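**Q** First the structure, which I've put down as structure tokens, then a few questions once you've had a look.
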């Protein structure tokens, strides 16, 4: 028997936190995840805007996509401040918990409506294609497209409902494949459109805004709110702003972006901006140049890009093939957006639940799958209800849509402005441009301009988009009340909450029988062991995360839970709140630096023995420690040296290990042979 | 900071006259005091006995008893220029009050607190821990002669 195996029973038990949540992704993958949500609006935003205010819609979709660039930049500043950010965290920090709850309630509405609008839109594209097929085959059959879209939407949401309950989340591999496929189809559409324009010539769409009665909302009862001049432009802009939905995914994905995080986030934002501007903005614009306006209004408002494919210059069969490809690509990205909305809403609710503003009832873990099934049930039921209420009417869904995205962006941008004054010294990875430095404050002119545009649009939308206002206020109000009541109830039973047995599962803990079971997971050239103990003393871990390339080194972050009365065969004490807090801090740090780590929690009766035994068993090259406040660095090295000798005397197979102790500005090291 | 591999033989710093067999009952403090008093005359020109005792006990707050029953009290002194050490082999042993381990051998190590010595100091601690296993200590205690003990350490190195 390997002596390392024989002796490793001294550890008693080894707990290993799942590493799945700590693997980091490239900016390409991050961009593909965001685009799967953000890019999907290309399939319906133009048609909805056209139905609201007529032929000028391409100009406004283009303007909204340009504005998306500014909003992406807002998110870059926000993510640069908070790795686990997003609207809730930013707003809570800047203007308090009540406003944060309001913002997150609005955002929940956005997430919840994203599912129905995407699923219904996919159903409509499929329905129109089916109708086309019936037409080609000569069947005299009036295919009920909207009813089909409704049932299709319900089926898609039900599918992802089940998938999410089972815990099959998003895969960035799938996102990359979908976005790549959509990009190819978009490129074909784009190239063929240019050829068509070259053959046929074109006329720019008129910049004339004609609001329908529906699109005016309550404004038709207000004399001074005539849709003319700047006011009219803002009203039309407000009807097009739904194309912005999906930006929050940037904040959700930021924690997973690999090192260097800010640089990669900026690249992600640039890719998302360029792709969505071309895809949603330019393709919608080109559609209006190629498809006669009457055709858009009567045939293609619900499936604009299918319409573009069918109206290109070329043989019918080729155009029809392209339409099939457009429907397939649209189906994939829109269906992907349904899943993203469910995963995003669930993630958001989990985030606020961690903050104690969602009742424990929602946090109940599914016995078999370990997912927060009650949250998923609430989201799925709400999404299916919305699909059924809309009966496949994408315009109605579009009317309701913008409320959530717009108000959450208003809160987010306002909060960033407030933070510039409230927390001027807070570490920011990047600043939104156009600032004037006064003393230590960067006065945010650029951010203020963005905020002004958002606020004016949001306020005008309150009046003109009455469906959005009524449904948004009711939905957000209900969620806000749930948060308020939950917070009160949770504060009364803090103890109960703390003692929940499934806390460990929420941390994705998995139990290993022996530390050697970790060995197959360590596949990189170097192995670095970083023992941690005190969440306030993680300088050495920061040093490792900043300096070590995780592509070539396995970084094992280890905490030893010490029990002096530990005996073989005796059940060891469970993981305590302190351990969980320590590991949460470690995970946050790893996310901040974008480095993959392997968190490891050991039980032992001697901290030095556990460190050196782990080092020997896992065949690490380096052990990097923080300084102990009670012992001092030299005494730590002495103990480690003695323990190393002891291990060798016990027959452990050892190889040279470099031990470093790092603290503020100093380093002490020794090579144990 | 340089990483050094400063190997040094324990047998080269331990003198025969500093190896003691103690067959009376003795506790932890008495053992440390005994060894300190035996080493002290060699460095009496540099430090006082009280100071030396304080330095050794300061490190001992951290307790350096190994589970093999081997105890290594040690101190670093800026006043000395070479290693000094002494070994006590205890016939009856004593129970360490903190770890409840029965100690059968005690090695006092004094290291110069000067550049270049710390790496050697760590090497000595590591080697001592490796060589002084339970069986090794048992055999040493039974030897009865300091010269034989030193030879045994030499051959183990």
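**Q** Quickly run through the stretch B:92-112 and pick out the residues that are at pLDDT 90 or above and either within 13 Å of chain A (Cβ to nearest Cβ) or within 24 Å of residue B:147 (Cβ to Cβ) (or both).
**A** Answer for the stretch B:92-112, where residues must be at pLDDT 90 or above and either within 13 Å of chain A (Cβ to nearest Cβ) or within 24 Å of residue B:147 (Cβ to Cβ) (or both): B:103, B:104, B:105, B:106, B:107, B:108, B:109, B:110, B:111.
**Q** Can you spot a residue in the stretch A:30-49 that is in contact with a helix residue (DSSP H, G or I) (Cβ under 6 Å, 6 or more places away or on another chain) and surrounded by fewer than 24 Cβ atoms within 10 Å (Cβ to Cβ)? If you could, list the steps in order and put the result at the bottom.
**A** Here is the first cut: in the stretch A:30-49, the residues in contact with a helix residue (DSSP H, G or I) (Cβ under 6 Å, 6 or more places away or on another chain) are A:30-49.
When the remaining residues are screened for being surrounded by fewer than 24 Cβ atoms within 10 Å (Cβ to Cβ), the result is none.
Checking the stretch A:30-49: not a single residue is in contact with a helix residue (DSSP H, G or I) (Cβ under 6 Å, 6 or more places away or on another chain) and surrounded by fewer than 24 Cβ atoms within 10 Å (Cβ to Cβ).
**Q** Please tell me if residue B:41 is more than 14 Å from chain A (Cβ to nearest Cβ) and at negative phi.
**A** yes
**Q** So how many residues does the stretch B:131-149 have that are away from every other protein chain (no Cβ under 13 Å), within 15 Å of the chain's Cα centre (by Cα) and closer than 19 Å to residue A:650 by Cβ?
**A** Residues meeting the conditions: 1.
**Q** Could I ask something else about it? If we scan the stretch A:429-442, do we find a residue that is crowded, with 16+ Cβ neighbours inside 10 Å and within 21 Å of residue A:112 (Cα to Cα)?
**A** So far as the stretch A:429-442 goes, no, none of its residues is crowded, with 16+ Cβ neighbours inside 10 Å and within 21 Å of residue A:112 (Cα to Cα).
**Q** Looking only at the stretch B:1-18, how many residues end up being part of a helix (DSSP H, G or I) and either touching a helix residue (DSSP H, G or I) at 6+ places or on another chain (Cβ under 6 Å) or surrounded by 13 or more Cβ atoms within 10 Å (Cβ to Cβ) (or both)?
**A** Let us first name the residues in the stretch B:1-18 that are part of a helix (DSSP H, G or I), namely B:10-13, B:16-18.
Then drop every residue that is not either touching a helix residue (DSSP H, G or I) at 6+ places or on another chain (Cβ under 6 Å) or surrounded by 13 or more Cβ atoms within 10 Å (Cβ to Cβ) (or both), which leaves B:10-11, B:13, B:16, B:18.
Within the stretch B:1-18, residues that are part of a helix (DSSP H, G or I) and either touching a helix residue (DSSP H, G or I) at 6+ places or on another chain (Cβ under 6 Å) or surrounded by 13 or more Cβ atoms within 10 Å (Cβ to Cβ) (or both) number 5.
**Q** Please determine whether any residue of the stretch A:85-103 is assigned by TED's automatic domain parsing to the domain that holds residue A:427, under 25 Å from residue A:420 (Cβ atoms), more than 17 Å from the chain's Cα centre (by Cα) and not in a helix (DSSP H, G or I).
**A** The answer is yes, given that some residue of the stretch A:85-103 is assigned by TED's automatic domain parsing to the domain that holds residue A:427, under 25 Å from residue A:420 (Cβ atoms), more than 17 Å from the chain's Cα centre (by Cα) and not in a helix (DSSP H, G or I).
**Q** Out of curiosity, is residue A:230 in the same structural domain as residue A:209 (by TED's automatic domain parsing), modelled with pLDDT of 90 or more, under 21 Å from residue A:58 (Cβ atoms) and assigned to a helix (DSSP H, G or I)?
**A** Here the answer is no, as residue A:230 does not meet what is asked.
**Q** For the stretch B:119-130, which residues satisfy the criterion of being more than 7 Å from every other protein chain (Cβ to nearest Cβ) and over 13 Å from the mean Cα position of the chain (by Cα)? Walk me through it before giving the result.
**A** Taking the stretch B:119-130 first, the residues more than 7 Å from every other protein chain (Cβ to nearest Cβ) are B:120-121, B:123-124.
Those that are more than 7 Å from every other protein chain (Cβ to nearest Cβ) and over 13 Å from the mean Cα position of the chain (by Cα): B:120, B:123.
**Q** In the list A:308, A:332, which residue meets the criterion of being in the same structural domain as residue A:114 (by TED's automatic domain parsing), surrounded by fewer than 23 Cβ atoms within 10 Å (Cβ to Cβ) and within 25 Å of residue A:177 (Cβ to Cβ)?
**A** On inspection, the qualifying residue turns out to be A:332.
**Q** Restricting attention to the stretch A:252-310, report how many residues are over 30 Å from residue A:347 (Cα atoms), assigned to a helix (DSSP H, G or I) and touching a residue at least 12 places away in the same chain (Cβ under 8 Å).
**A** Qualifying residue count for the region: 21.
**Q** Within the stretch A:240-251, which residues are closer than 15 Å to residue A:76 by Cβ and part of a loop (DSSP other than H, G, I, E, B)?
**A** Correct list: A:247 only.
**Q** Given the structure, is residue A:399 out of contact with any strand residue (DSSP E or B) (no Cβ under 6 Å at 6 or more places or on another chain) and part of a helix (DSSP H, G or I)?
**A** yes
**Q** May I ask you to verify whether residue A:212 is within 23 Å of residue A:322 (Cβ to Cβ), modelled with pLDDT under 95 and surrounded by fewer than 14 Cβ atoms within 10 Å (Cβ to Cβ)?
**A** No: the conditions fail for residue A:212.
**Q** Residue by residue through the stretch A:133-152, note down the ones that are touching a helix residue (DSSP H, G or I) at 6+ places or on another chain (Cβ under 7 Å) and more than 14 Å from residue A:302 (Cα to Cα).
**A** If the condition is that a residue be touching a helix residue (DSSP H, G or I) at 6+ places or on another chain (Cβ under 7 Å) and more than 14 Å from residue A:302 (Cα to Cα), then A:141, A:143, A:152 are the ones that fit.
**Q** Under 13 Å from the mean Cα position of the chain (by Cα), within 14 Å of another protein chain (Cβ to nearest Cβ) and modelled with pLDDT of 90 or more: does that describe residue B:34?
**A** Considered against the rule, which asks whether it is under 13 Å from the mean Cα position of the chain (by Cα), within 14 Å of another protein chain (Cβ to nearest Cβ) and modelled with pLDDT of 90 or more, residue B:34 comes out as no.
**Q** Say whether the condition of being over 36 Å from the mean Cα position of the chain (by Cα), at pLDDT 90 or above, crowded, with 19+ Cβ neighbours inside 10 Å and assigned by TED's automatic domain parsing to the domain that holds residue A:57 is met by at least one residue in the stretch A:189-200.
**A** yes
**Q** State yes or no: is residue A:219 closer than 19 Å to residue A:304 by Cβ and in a helix (DSSP H, G or I)?
**A** So residue A:219 fails the test.
**Q** On to the next question. Given the conditions (1) touching a residue at least 12 places away in the same chain (Cβ under 8 Å); (2) under 24 Å from residue A:632 (Cβ atoms); (3) more than 14 Å from chain A (Cβ to nearest Cβ); (4) not in a loop (DSSP other than H, G, I, E, B), report the number of the one that residue B:21 does not fulfil.
**A** Going through the list (1) touching a residue at least 12 places away in the same chain (Cβ under 8 Å); (2) under 24 Å from residue A:632 (Cβ atoms); (3) more than 14 Å from chain A (Cβ to nearest Cβ); (4) not in a loop (DSSP other than H, G, I, E, B), residue B:21 breaks only (2).
**Q** Tell me which of these residue A:121 doesn't satisfy, since it passes every other one: (1) at pLDDT below 95; (2) surrounded by 13 or more Cβ atoms within 10 Å (Cβ to Cβ); (3) within 23 Å of residue A:392 (Cβ to Cβ); (4) in contact with a helix residue (DSSP H, G or I) (Cβ under 6 Å, 6 or more places away or on another chain).
**A** (1)
The values are calculated or read from the model by the stated rules, or taken from the named source; none is laboratory data. Given the structure is predicted, the values throughout are model-derived calculations rather than measurements. A quick note on method: Cβ atoms are made from the backbone with ideal geometry, for glycine too, and the neighbour counts reach across all protein chains shown.
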